[in-house]
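Read-outs throughout are calculated quantities, based only on the coordinates presented, and are distinct from any laboratory measurement. Being a predicted model, the structure only gives us computed values, none of them experimental. Note that each Cβ is placed from the backbone with ideal geometry, even for glycine, and that neighbours are counted across all protein chains shown.
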There are 2 protein chains.
Amino acid sequence: MANKYVIGLDYGSDSARAVIVNALTGEEIATSVKYYPRWKAGKYCNPSKNQYRQHPLDYIEVLEATVKESLAKCPAGTAENVVGIAFDTTGSTPVFTDKAGVPLSLHPEFAENPNAMFVLWKDHTAINEAAEINELCAKWDIDYSAYEGGIYSSEWFWAKALHVLREDEAVRNAAYSIVEHCEWMPAILTGVSKSSDIVRSRCACGHKAMWSEVWGGLPSEEFLVALDPVLAGLRERLFTDTYTADKVVGNLTEEWASRLGLTTNVVVAGGAFDCHMGAVGAGVTPKTIVRVIGTSTCDIMVSSYEEMGDKLVNGICGQVDGSVIPGYVGLEAGQSAFGDIYAWFKRVLEFPIRQIIGTTSLLDEATKEKLVEEACDKIIPALTKEAELIPLSESTLIATDWMNGRRTPDANQMLKGTITGLTLGSSAPRIFRALVEATAFGSKAIVDRFIENDIEINQVIAIGGISLKSPFVMQTLSNVLGMPIKVAKSEQACALGASMFAAVAAGVHTKVEDAQKAMGKGFASEYYPDEEAHKIYLSLYEKYTKLGGFTEKELL
Amino acid sequence: MANKYVIGLDYGSDSARAVIVNALTGEEIATSVKYYPRWKAGKYCNPSKNQYRQHPLDYIEVLEATVKESLAKCPAGTAENVVGIAFDTTGSTPVFTDKAGVPLSLHPEFAENPNAMFVLWKDHTAINEAAEINELCAKWDIDYSAYEGGIYSSEWFWAKALHVLREDEAVRNAAYSIVEHCEWMPAILTGVSKSSDIVRSRCACGHKAMWSEVWGGLPSEEFLVALDPVLAGLRERLFTDTYTADKVVGNLTEEWASRLGLTTNVVVAGGAFDCHMGAVGAGVTPKTIVRVIGTSTCDIMVSSYEEMGDKLVNGICGQVDGSVIPGYVGLEAGQSAFGDIYAWFKRVLEFPIRQIIGTTSLLDEATKEKLVEEACDKIIPALTKEAELIPLSESTLIATDWMNGRRTPDANQMLKGTITGLTLGSSAPRIFRALVEATAFGSKAIVDRFIENDIEINQVIAIGGISLKSPFVMQTLSNVLGMPIKVAKSEQACALGASMFAAVAAGVHTKVEDAQKAMGKGFASEYYPDEEAHKIYLSLYEKYTKLGGFTEKELL
């Protein structure tokens, strides 16, 4: 029997990665990563306004580049035996399209208009719209936010759609439909030419667009018009049904088969969000929480229908049947900032290096540049080394992890971060340690929320950059949670998860759990909690939960 | 008429300064500064326990060195025309003595025992004792803390005395009396040989030892024994009367005249605390608050008997008849940290410079050392430059100034500092700016407390390092207070104030106000509040007042 290969395509915030995987064994044959060129140049974004947009051409160009580069690294004959492709992307990352399903920014007149581009997950321009949605949900006879944790976020589909429609008359007049990034990638590869033919992602729609079978799909036309008449008529041009990511969307078109160097036998699976597929790739099962730990976190669980019953878990990012593994309710939570908090503190400490060392007349330009680069790179390792030496009894600084707002539990994007307990002896490593503890406390708040709702957790699996790079952070997290943490071996769990969906869609495995068993990679390491430390952290966590912190409105 | 000269001796935390002043005009003829040698070597201190002790030999050695060095800089004939000397020192900085009034650490068996040395003002080892004193005051029929703001501090006389007696049996057995630093200096120069002959300072005893004419001197024996039987019998070996600093203590002994190169005609005035004499030197009058702004602040006012009536101002460091200018009630307040907070943040930012640049293999040792030194020196100027550019509308970080506890209003040494409103965009200059604003908010809390108690303030005078060095800090302070601030011209206001007391004691002027008029130096600059900024700061100050912050007990 010839080997069968699948391609997992993982679209992150800054880059996309293609991984070619043996569909039977999970062996990673070749991989390729490319940064989005326009995004990398800082185009279409305005960080001071939290506006983050991505151009569809960025997505298309890296698709071709990564697939071709990874195929080129494979033994001869691999391309012919590729049987499936699946995509995971960030989300909610929607774009307005024309009637044909083409993102408006692919038309020349919108080519430079950020409102005609994908609105990246972390874009917070729709804070006011999210607040209005929450207000309306609270008084409507159906709470359409119920399966999304009961608090709608500015990072999500309807808030972003409404914000763009209000702000941009040209887009408003040209917009016919909206599509999520993870839905658009399969659509273009399979030659969809009508927006109504786009296969909609259960994961994206259920977690971000208030889609639920309970109320027959999207929120009612009345609700949307009550929100703003500008939304009138949009609902009926969108969709009623959504699909889990193991379902076949179609085959590669001839054009795309040729562009990618593949055959038209390749089956394209449904899309889903990166963390959801990452959780599958890392081995999520019932009673396991998979934490994707990077700049922020995404926390994924699956729960059986029996365990869930008609339970509603408040304050998380949602519970959606089939959003992770078909046949289970997928649960999503997450922290708005995790590694980003360490990176922020690093930037604070870089100030004298860049401003003073970087401009000194004592050194020549080349030495200066090298020194500044070396120094900045070593900040986090140096902080970590010192922070590890501080006895836990001296952890008397308490910080919150809300420097980028709070995603869960109980979303509040207006919350700000706090550090308290400061003394004249609070050194940089002590502050760093408090920030690491804060991110762990934020994690505990999420885990506790699940447990309070009788969602049992007996395993924590971590994936993502920080889980492999920082034993100090992972040990602190284990000590705070009082739970062992397994770190997934695959450094490309999201792409591996996507390849599992591709393998199921292509018929290599009959269901996602089978693909997990056959293709899973196991664990690189495991952290065990120090029970003494856990006890101390329980009391510090009490203080963390009592810390308020001003919101933006209160501060301005 | 021959010129008459006086010597003002100003004993700060780290060094002492002698200034030789023309007693008629206030002209500063010569000056000399010397660091305390043992203190500079870090002896007898334990910063992690907040234990700060100073050896009496440090005081004696710098006395000789500064007086002789400053005299050597004067024209011939100056020494013969010196008519008075006065001392200001830190306080409460008491030491246990034998029956002769000799500090125990001047005896060989106690020469290396920190408990037999002066307990420097900022020593916080007596936190528990202060709490016990407050508890007892609250239930005693007389509130002995009433004239000390109603909250007794661990930085003060009785707390420190009790702490040392409890902790050190050898000192307990040898201790006969206690003397404040500002009382001991005049005593040794005038040859006091019995502890009961030491002239007691109205300023030190009234503000720190719960001495008041209202209850006939020190707290009753019953009160002290109720506090701890270890205090039994001490009171009657101490004192009943106290004296303002314009009074003559005596003449220089022959021995000291010879050691200092002066004559026995020199009159030694009473001692007082540095900030009190500094306020006099800077021109304090009724309705003026003089702020000594350095690592911490000391805020001094004088109020007429008419204005004060039988008013008690709660939560300040005390109100004592004659503690600043005889004939007026002296009022003292202050912030536990001011410049120390900027220095703390500087130390945080120094971390990568010292740890990474300081150990890089890219540079040779000499360049490295020079670079590290240059970089550390430039941190505050670089922060200031950037912080000044941030529009006030972007001051959305709020910090408290309690990194060293809170001295006033409402002393609470266990309070810790807080920074809130943090986002991923909170840069080092933005944090620095919030810290500058926090120190200004702490200042406003003190000013407001006086005004709430109908102590009118129509002039703010600033002295001390920061007032001359940082226009940014001073302008922010003016904007927050909504008041103009005059910066005293003399860089040696405390020593100048002491010289005014020396001139009055020597009979050159009949009262302190006359000496102020004749010898005062006026102002170097004046800051005026920006009314628009003041309005914005009023609303930020509201938020500052709402910030709590955990105390040490709550955090441990």
For the stretch A:149-236, count the residues as N, evaluate 2.2 N^0.38 Å, and divide the Cα radius of gyration by that value, please. 1.11
If all Cα-Cα distances of the stretch B:291-427 are sorted into 5 Å bins from 0 onward, what percent lands in each bin, rounded to whole numbers? 2, 8, 12, 13, 14, 13, 11, 9, 7, 5, 3, 2, 1, 0
One quarter of the C-alpha convex hull surface, i.e. the mean projected area of the stretch B:276-348 in nm², amounts to 5.2
With x for Gly and Pro, the residue-by-residue ³J(HN,Hα) of the stretch B:6-12, computed from phi through the Karplus equation 6.51 cos²θ - 1.76 cosθ + 1.60 at θ = phi - 60° and given in whole Hz, is 10, 10, x, 10, 10, 9, x
Show me, for the stretch B:240-253, the HN-Hα J-couplings you get by feeding each phi into the Karplus relation (A = 6.51, B = -1.76, C = 1.60, θ = phi - 60°), rounded to Hz, glycine and proline as x. 10, 9, 10, 9, 6, 7, 7, 7, 6, 8, x, 9, 4, 6
Nearest 10 degrees, 0 to 90: helix A:493-505 Cα axis against chain A principal axis: 20
Between the stretch B:170-186 and the stretch B:299-327, what is the separation of their alpha carbon centroids in Å? 28
Treating the beta-carbon of each Lys and Arg as +1 and of each Asp and Glu as -1, no other charges, what is the dipole magnitude of the stretch B:1-146 about its Cα centre, to the nearest 20 debye? 420
Spatially near lysine pairs across the stretch B:322-436, Cα under 27 Å, sequence gap of 8 or more or different chains: 9
With a 10 Å radius around each residue's Cβ, average the other Cβ atoms per peptide and rank B:81-88, B:436-443, A:147-154, highest first. B:81-88, B:436-443, A:147-154
Simple spin-label estimate for residue A:392 and residue B:98 in nanometres, 7 Å along Cα-Cβ: 5.2
Most exposed first, judged by fewest Cβ atoms within 10 angstrom, A:45, B:205 run A:45, B:205
Descending packing, highest mean Cβ count within 10 Å first, for B:470-479, B:232-241 is B:470-479, B:232-241
Distant-in-sequence amide H partners of residue A:23 (H built 1.01 Å from N, under 5 Å): A:4, A:5, A:6
Principal axes first, then extents: for the Cα atoms of chain A, list largest minus smallest coordinate on each axis, whole Å, largest first. 65, 60, 58
Above-threshold pairs, the threshold being 20 Å between Cα atoms, out of B:4/B:511; B:49/B:546; B:208/B:489: B:49/B:546; B:208/B:489
The computed P(r) of the stretch A:1-141 puts the percent of Cα pairs beyond 17 Å at 67
About its Cα centre, the stretch B:1-40 carries a charge dipole, from +1 on Lys and Arg Cβ atoms and -1 on Asp and Glu Cβ atoms, whose size in debye to the nearest 20 is 220
Helix B:127-139: inclination vs chain B longest Cα principal axis, degrees, rounded to 10, gives 80
Rounded to whole Å and sorted largest first, what semi-axes of the equivalent ellipsoid does the C-alpha gyration tensor of the stretch B:408-556 yield via the square root of 5 times each eigenvalue? 35, 19, 15
Applying the Karplus parametrisation 6.51 cos²θ - 1.76 cosθ + 1.60 with θ = phi - 60° to the phi angles of the stretch A:21-34, what ³J(HN,Hα) value in whole Hz is obtained for each residue in order, glycine and proline being reported as x? 10, 5, 5, 8, 10, x, 4, 8, 8, 7, 9, 8, 10, 9
Given the convex hull over the Cα atoms of the stretch A:1-54, what projected area results after averaging over all orientations, in nm²? 4.5
Under a point-charge model restricted to the Cβ atoms of Lys and Arg (+1) and Asp and Glu (-1), what is the dipole moment magnitude of the protein assembly as shown relative to its Cα centre, in debye to the nearest 20? 1600
Candidate lysines for bridging to residue A:43, where Cα separation is under 23 Å - those fewer than 8 sequence places away on the same chain excluded: A:34, A:122, A:160
Count, for each residue of B:423-433, the Cβ atoms from other chains sitting within 10 Å of its Cβ, then give me the mean as a whole number. 6
Unmatched cysteines, chain A - criterion: no other Cβ of a Cys under 4.7 angstrom: A:45, A:74, A:137, A:182, A:203, A:205, A:317, A:376, A:494
Bin all alpha-carbon pair distances of the protein assembly as shown at 10 Å intervals from 0 and give each bin's fraction as a whole percent. 2, 10, 16, 18, 16, 12, 9, 8, 6, 3, 1, 0
Which of A:107, A:170, A:199 sits closest to the plus end of the dipole of chain A, meaning its Cα is farthest towards the positive end, when Lys and Arg get +1 and Asp and Glu get -1 on the C-beta? A:107
Can you give the Rg to Rh ratio of the stretch A:386-451, both from alpha-carbon atoms, with Rh computed by the Kirkwood formula? 1.02
Extension gain, residue A:530 back to residue A:51 (0.36 nm per residue minus Cα-Cα distance, nm): 168.2 nm
Could you quote the convex hull projected area for the stretch A:67-122, Cα atoms only and averaged over all directions, in nm²? 6.2
Angle between the Cα long axis of helix A:339-355 and the longest principal axis of chain A, 0 to 90 degrees, nearest 10? 60
Calculated FRET value between residue B:518 and residue B:285, using beta carbons and R₀ = 22 Å, to 0.05: 0.90
Per residue of A:341-351, what is the mean number of Cβ atoms on other protein chains within 10 angstrom of that residue's Cβ? 5
Please work out, to two decimal places, the log10 of the ratio I(q)/I(0) at q = 0.21, 0.25, 0.26 Å⁻¹ from a Debye calculation in which every Cα of the stretch B:46-96 carries one identical scatterer. -0.91, -1.09, -1.13
Sites residue B:131 and residue B:359, calculated FRET efficiency, Cβ-Cβ separation with R0 41 Å, nearest 0.05: 0.40
Cα centroid separation, the stretch A:373-404 to the stretch A:420-451 (Å): 10
Per residue of A:364-372, count partner chain C-beta atoms within 10 Å of its C-beta, then hand back the mean as an integer. 2
Pairs of alpha carbons in the stretch A:110-166 whose separation is greater than 14 Å (percent): 54
Place the peptides B:348-358, B:303-313 in order of packing, highest mean first, counting for every residue the other Cβ atoms within 10 Å and averaging per peptide. B:348-358, B:303-313
So who's got an amide H within less than 5 Å of the one on residue B:523, skipping anything under 5 residues away but keeping other chains? H placed 1.01 Å off N, in plane. B:489
